[in-house]
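This report concerns only the one structure given below.
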Amino acid sequence: MTDLRICLGKTCETTDAQGRYRLFVAPGEGALAFPNLPATLALLGEERVQVTLNASLEKNLPFAPATTLAVQVLDGGNEQGLAFAGVCAEGLVKRCTRADANGRALIGGLFRGEYRVYADPRYLPEGYRQEGGVQAQVDPSAPPKAIQVVALPPKREVEVTYTAGRLSLVATADPTTPIAGAEVEVKALVQGEADQVFLDLPSGPVPLARQEGNYYTARIRLTLPPGFHTLSVKARGQGEAEAPLFLQVVSGSLYSPSSLEGPKVKIALRFRATQVALTEKGQSFALKSEDGYTWTGEVPLSPGRYTLLVLADGERLGQLDLAIPSESANH
């Protein structure tokens, strides 16, 4: 057995060559933890002991080879990774964890056997639910497997009976998982004659422009925090109709790339702006654009590496790393 550092509460000791240890702590109940256990081993089940002052206790701790399972949680609505979703593997043991911003997670401490892998309903966006799960065979002696599980979005049970002159609509957003502060294209298809179609926001209605036929659109920069949001698109004419709009807002950068090689620079924004500038130690370098999204310019600085601040219409978006090679610097 490899030497282990064993902790009970805040007291820790290291095992001897035979894997034995001694702990002296105050009376009470505590759980055993192993902060330097080899990654290829895991404790079979949870072990707890009752500690009594000036008493001895022998406890056999069973370990077994363990491995890691790579899982991606998909949004059943768009087949993209579901950010920060919970996921569990349940078989000989049950292990749960949280996915990253791309819906990917690693579930560790799994022993040989068959496991049911499923989205953890405790850590899904509001309204989302697990879809049964998938079976996975785990073998510590084989290369780790990668599997996918699905979380279903909120049910959209809408029953519409179309009659002549009746006003109704359906609404969608592109993308359905936008970055907080980025633009979203809201689309609506209207049945019947509408005098106005708009996105209903707490700050006030935002009109959608009519396109060909009964198709309405608008590009809108939504100031919503990360999380699941349900908005409403409404139409008014001879009557009023309403449709829900579901958005899963995530954190992210509002411009790309995050680093450049100068002195000529080019960045793309995820919303339309009228003025963009890069600033560094009191100096400001204005960029130009034809569409308000792609911005270009030149930063006449000496050779070296710089960290510049990105400003769009006076809003601080973040920092940009810039490297200016000596052969291309302006003197």
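A few remarks follow.
- Estimated at the nearest 10 Å², the accessible area of S284 is 80 Å² with a 1.4 Å probe.
- For the listed residue pairs K187/K234; K187/K266; K264/K288, the alpha carbons are over 23 angstrom apart in K187/K266.
- Kirkwood-based Rg to Rh ratio, region 147-281, C-alpha trace: 1.08
- Rounded to the nearest 20 debye, dipole of region 174-331 from Cβ charges on Lys, Arg, Asp, Glu: 300 debye
- Sites listed here are trypsin sites (Lys or Arg not before Pro) in region 260-331 whose DSSP assignment is loop and whose Cβ has at most 15 other Cβ atoms within 10 Å: R272, K281.
- For V299, the amide hydrogen comes within under 5 Å of the amide hydrogens of K264, V265, counting only partners 5 or more places away or on other chains and with H modelled in the peptide plane.
- Charge context of G103, other residues only, Cβ under 11 angstrom, K/R +1, D/E -1: -1
- Using θ = phi - 60° and Karplus 6.51 cos²θ - 1.76 cosθ + 1.60, couplings along region 177-191 (whole Hz; Gly, Pro as x): 10, x, 7, 4, x, 8, 7, 10, 8, 9, 10, 9, 10, 10, 9
- With a simple spin-label model that places each label point 7 Å from the Cα along the Cα-to-Cβ direction, the separation between T52 and A70 comes to 5.1 nm.
- Under conditions of 37 °C and 0.692 mPa s, region 256-331 yields 266 µm² s⁻¹ as its translational diffusion coefficient, taking Rh as the Kirkwood radius over Cα pairs in the Stokes-Einstein equation.
- Treating r as the C-beta distance of R272 and A142 and R0 as 45 Å, the FRET efficiency rounds to 0.30.
The values are calculated or read from the model by the stated rules, or taken from the named source; none is laboratory data. All figures in this text were calculated on a predicted structure; none of them were measured in a lab. Please note: Cβ atoms are built from the backbone with ideal geometry, for glycine as well, and neighbour counts cover all protein chains shown. Note: accessible area is taken over every heavy atom of the protein model, side chains too, but ligands, DNA and RNA are not part of it. Shrake-Rupley method; radii C 1.70, N 1.55, O 1.52, S 1.80 Å.
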